[in-house]
Protein chains: 2
Amino acid sequence: MRNIKGILAYDGGAYNGWQRQGNTRNTIQEKVEQMFCKLLEEQIEIHGAGRTDAGVHAKGQVFHFHTESSMPVSDMCQKANAYLPRDMAVLELQEVNERFHSRLNARWKWYRYIIDNGAVRDVFSRKYAYQILEELNLEKIQKAAQNLCGTHDYRSFCSLKRMKKSTVRTVYTIEAVREDGKIYLDFYGDGFLYNMVRILAGTLIETGLGKREPEEMAAVLEGKKRELAGFTAPAQGLCLMEVGYGTERDYNIIYR
Amino acid sequence: MRNIKGILAYDGGAYNGWQRQGNTRNTIQEKVEQMFCKLLEEQIEIHGAGRTDAGVHAKGQVFHFHTESSMPVSDMCQKANAYLPRDMAVLELQEVNERFHSRLNARWKWYRYIIDNGAVRDVFSRKYAYQILEELNLEKIQKAAQNLCGTHDYRSFCSLKRMKKSTVRTVYTIEAVREDGKIYLDFYGDGFLYNMVRILAGTLIETGLGKREPEEMAAVLEGKKRELAGFTAPAQGLCLMEVGYGTERDYNIIYR
């Protein structure tokens, strides 16, 4: 039995998110599973590192699966891309240790939220960015972002009302940069709650619009109530960029 | 009567090209005209600098129209973008000399053809690039591109069988660069015949695939027969980047 790790890119616009569950049809997981079942002629179960919401994109989703097949991974990768729809692509496949688990072993994730904040909308990024015509105050966003980092109970930034599991997470950094009319919000953390990145993005956007002050963030965190945080920013602006399996230290080396 | 010059960006994927004519519905020109008629409450006729084909994009299409309206151009621009579909945007409007004509006064045009030539397709550019998995030979493309520049009769690179007007054009430069798995072909010329950029791109692609040699290009030009040149590269890879109204010298200052 081989254990295969893969990296997947997808345009999430046409799908009901990553996870195949109950009656949810047209998920990315389902498409990838069906493709590998067909390709390897056996029952394949795909496990993903992160459950991206409907409409969210990925440039570096990680998954793994077990197979009895002896097909070389390079052949498998090429054939997988020939079978997959045009809005998905397997970037890499490699054979890994039998104990590797894409979700349980993930040490950090990098999500990017893109805001189209130019004077005129960029028609070519309309499906990959959230357009806001009013100019956002980047300095305020950066200050608020600082105040949202650290190890906290992020319950205020979670859409699920009842979370039995811990809602404590560590957000290492949130970087906000402006380039060519776009604002890029990069979130690096050890894990994110349901809708957490989109609610963080929405709260930062409200701060950039002057509806909130950076100093409020501590109270939003401490209040532990969803209604204290900002709106859930639209899915199409969000992209899962990378999932890391090294230590946090590795992350610092790579991204600083 | 005021004469207004505008710059327009559009994702051509959903349209039957620029030109409104006879039974052709759903053209970009038609959409822009309808919008200005509604906005200015008068009959408006839009004239474009270049007639892009069905599926071709633009980041810098230029147009002009006459109006009796006294609405300031900044208001007009903002309202135009509120009325236009999401896959189009007016980047700029300005009042110009009454004699200015977007097509007749155009001195040069810049078209870009994008080839996705990475080992794995880029899912996010699938609608704005032509994907070729086999690695193209960039040096051969560059040599062939050199041989296709100059002032020539480009009849071999025109899809229209019978051209009554002159088929002589000047192509100033064709630049080919590779960046992040993409190959960008930039064509600068005083004007291009019907399908000319796409046939030039197709011929360069065939050269990059080793099906043609750069040295053949002179004979292709001299033969003046469509069948001597390469295939018409797909529309989705092409974008009209800019239209210039200065002299060729200006172009050299800007782009060199």
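The values are calculated or read from the model by the stated rules, or taken from the named source; none is laboratory data. Since we're looking at a predicted model, the values are computed, not measured. We place every Cβ from the backbone using ideal geometry, glycine too, and count neighbours over all the protein chains shown. Quick note on the areas: whole protein, heavy atoms, side chains included, nothing else; ligands and nucleic acids left out. Shrake-Rupley method; radii C 1.70, N 1.55, O 1.52, S 1.80 Å.
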From the Cα trace of the range B:107-227, what convex hull volume per residue do you get, rounded to a whole Å³? 102 Å³
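Just the ratio, please: alpha-carbon radius of gyration of chain B over 2.2 N^0.38 Å, N its number of residues. The partial results should precede the final answer.
Working: Rg = 19.0 Å, N = 256, 2.2 N^0.38 = 18.1 Å.
This ratio for chain B stands at 1.05.
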Set of the range B:125-143 residues, backbone N closer than 19 Å to the point 7 Å along the Cα-Cβ line of B:PHE231: B:126-138, B:141
For chain A, the longest stretch holding no GluC sites (Glu not before Pro) located in a DSSP loop with at most 15 other Cβ atoms within 10 Å is which? A:136-256
Amide H neighbours of A:LEU209 under 5 Å, at least 5 residues apart or on other chains, H built in the peptide plane: list them. A:ASN137
Taking a crude spin-label model, label points 7 Å out from Cα along the C-beta direction, the A:ALA119 to A:GLU42 distance in nm is 6.1 nm
Hey, can you list the residues from the range A:105-129 whose accessible area shrinks by 40 Å² or more with all protein chains present, relative to the chain by itself (probe 1.4 Å, no ligands or nucleic acids)? A:VAL120, A:ARG121, A:VAL123, A:PHE124, A:ARG126, A:TYR128
Running a GNM on chain A with Cα contacts under 10 Å, which residue among A:PRO85, A:PRO214, A:PRO234 ends up with the highest mean-square fluctuation? A:PRO85
At 7 Å out from Cα toward Cβ: A:ARG103 inter-copy label distances (nm, ascending): 5.9
Taking a label point 7 Å from Cα toward Cβ, how far is A:SER69 from its twins in the other copies, in nm, shortest first? 5.8
Backbone HN-Hα couplings from phi across the range A:226-238 [Karplus 6.51/-1.76/1.60, Hz, Gly and Pro as x]: 3, 5, 6, 8, x, 6, 7, 5, x, 4, 5, x, 9
Under unit Cβ charges (Lys, Arg +1; Asp, Glu -1), what dipole magnitude, rounded to 20 debye, does the protein assembly as shown have relative to its Cα centre? 860 debye
Report relative contact order for chain B in percent, whole number only (criteria: Cα-Cα under 8 Å, sequence separation at least 6). 23 percent
Give the Rg/Rh ratio for the protein assembly as shown, taking Rg as the radius of gyration of the Cα atoms and Rh as the Kirkwood radius, to two decimals. 1.02
For chain A, longest principal axis from Cα atoms; helix A:138-148 axis from its Cα atoms; angle between them, nearest 10 degrees, is 70 degrees
Using a 1.4 Å probe over the heavy atoms of the protein chains, calculate the carbon and sulfur portion of the accessible area of chain A as a whole percent. 45 percent
How much accessible surface area, in Å² rounded to 10, belongs to the heavy atoms of B:SER159 with a 1.4 Å probe? 40 Å²
For the range A:23-127, which trypsin sites (Lys or Arg not before Pro) are in a loop by DSSP, counting at most 10 other Cβ atoms within 10 Å? A:ARG25, A:ARG99
What full-extension length gain, to one decimal in nm, is calculated for B:THR24 and B:GLN146 as 0.36 nm per residue of separation minus the Cα-Cα distance? 40.2 nm
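Over all residues in B:204-210, what is the mean tally of Cβ atoms on other chains that come within 10 Å of each residue's Cβ? Numbers along the way, then the final one.
On the way: counts 0, 0, 0, 0, 0, 0, 0.
The per-residue average across the peptide is 0.
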Assume the label is 7 Å from Cα along Cα to beta carbon: what separations in nm does A:ALA218 have to the matching positions in the other copies? 7.8
B:HIS152 accessible area, assembled protein chains, probe 1.4 Å, Å²: 60 Å²
From phi via Karplus (6.51, -1.76, 1.60), per-residue ³J(HN,Hα) for the range B:48-59 in Hz, x at Gly/Pro: x, 6, x, 8, 5, 5, 4, x, 7, 9, 8, 10
Given charges at beta-carbon only (K, R positive; D, E negative), |dipole| of the range B:74-212 in Debye: 780 debye
